[in-house]
1. Please work out which residue is surrounded by the most Cβ atoms within 10 Å (Cβ to Cβ), limiting yourself to the stretch 149-208 and to residues that are assigned to a loop (DSSP other than H, G, I, E, B) and hydroxyl-bearing (Ser, Thr, Tyr).
2. Out of everything in the stretch 86-119 that is surrounded by 15 or more Cβ atoms within 10 Å (Cβ to Cβ) and at pLDDT below 90, what residue ends up being farthest from the chain's Cα centre (by Cα)?
3. In this structure, is residue 47 small (Gly, Ala, Ser) and either surrounded by 17 or more Cβ atoms within 10 Å (Cβ to Cβ) or outside any loop (DSSP other than H, G, I, E, B) (or both)?
4. Looking at the stretch 71-87, I want the residues that are within 19 Å of residue 102 (Cβ to Cβ) and among the hydrophobic types (A, V, I, L, M, F, W, C) and have a partner that is at pLDDT 90 or above and buried (at least 16 other Cβ atoms within 10 Å of the Cβ) with Cβ atoms under 6 Å, at least 6 apart or on another chain. Which pairs are those?
5. Considering every residue within the stretch 59-76, establish whether at least one is of a type in the set (S, T, N, Q) and farther than 21 Å from residue 128 by Cβ.
6. Contact list please: Cβ distance under 6 Å, first residue in the stretch 1-14 and in the same structural domain as residue 58 (by TED's automatic domain parsing), second residue part of a strand (DSSP E or B) and at pLDDT 75 or above, pairs at least six apart or on different chains.
7. Kindly indicate the residue of the stretch 11-24 that is surrounded by 10 or more Cβ atoms within 10 Å (Cβ to Cβ) and at pLDDT 85 or above and also nearest to residue 46 (Cα to Cα) among those meeting that condition.
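The values are calculated or read from the model by the stated rules, or taken from the named source; none is laboratory data. Please read these numbers as outputs of a predicted model, since none were measured by experiment. Cβ coordinates were reconstructed from backbone atoms using ideal geometry, including for glycine residues, and neighbour counts include every protein chain displayed.
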Amino acid sequence: EVLEGLQPHLDLKELVIKGFPGVRFPSWLASSFLPKLQTIHICNCRSTRLPALGQLPFLKYLVIAGVTEVTQLSSEFTGFGQPKGFPALEDLLLEDMPNLSEWIFDVADQLFPQLTELGLIKCPQLKKLPPIPSTLRTLWISESGLESLPELQNNSCPSSPTSLYINDCPNLTSLRVGLLAYRPTALKSLTIAHCEGLVSLPEECFRPLISLRSLHIYECPCLVPWTALEGGLLPTSIEDIRLNSCTPLASVLLNGLSYLPHL
């Protein structure tokens, strides 16, 4: 009730809610009350549901961390009517949400049309993300339960992202579906670490990633390409490659280094 009575000014641009013990967020956290809000941090709160932040027309930066009781994201979060789907959001971080197990989405909704950075950290129960837009440049996934990388919206332009970091995703077994299967031509940096269940790489391995400069793979002991390819498994753009505790893969990749003009 206290927070409900603290409705801020209409011109508010940044809002931080930290340590809120209530189970329901205030009703004023909606587009009609805060039309100019650009940045929101929601941290260490006990609520079981998130408000319809997707309706905020100018929201650019959103951090949700330590909201441990939320189990599901749906249209209640992305919004109903217009606007919806986070029309201006550029940077989204979901962190330390141990009970988040489901993100219900309609592929027709076209969420996050302006998103450039997405981070998913310590969400061990979440198995699937909604399709990502072609605007995305950085995708960071760590200590999460994803079973596959997200798809691209409408099989859109496969240029995005430019940086991809995957760490400690025990349910991830294959990269043959999802983002890398689209052969993102703008990808420059790829790190895969501590994915001990990961077995298979995309078809043609990393060779279709024609802009890839940095490839780091650590602690992925089961990872191996399905077959060696004439001309090698790496693009000629590679400048920095680091491999650790992934012997089967290393032996195949290193045999193809002679094809690279520089390293």
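1. 160
2. 109
3. The answer is yes for residue 47.
4. Qualifying pairs under 6 Å: 73/103; 77/50; 86/54; 86/112.
5. The answer is no; no qualifying residue exists.
6. Every condition considered, the pairs that remain are 14/39.
7. First, the residues of the stretch 11-24 that are surrounded by 10 or more Cβ atoms within 10 Å (Cβ to Cβ): 12-18, 20, 22-24.
Among the residues that remain, those that are also at pLDDT 85 or above are: 12-18, 20.
Values: 12: 24, 13: 24, 14: 21, 15: 17, 16: 15, 17: 11, 18: 10, 20: 7 Å.
Ranking the candidates gives 20 first.
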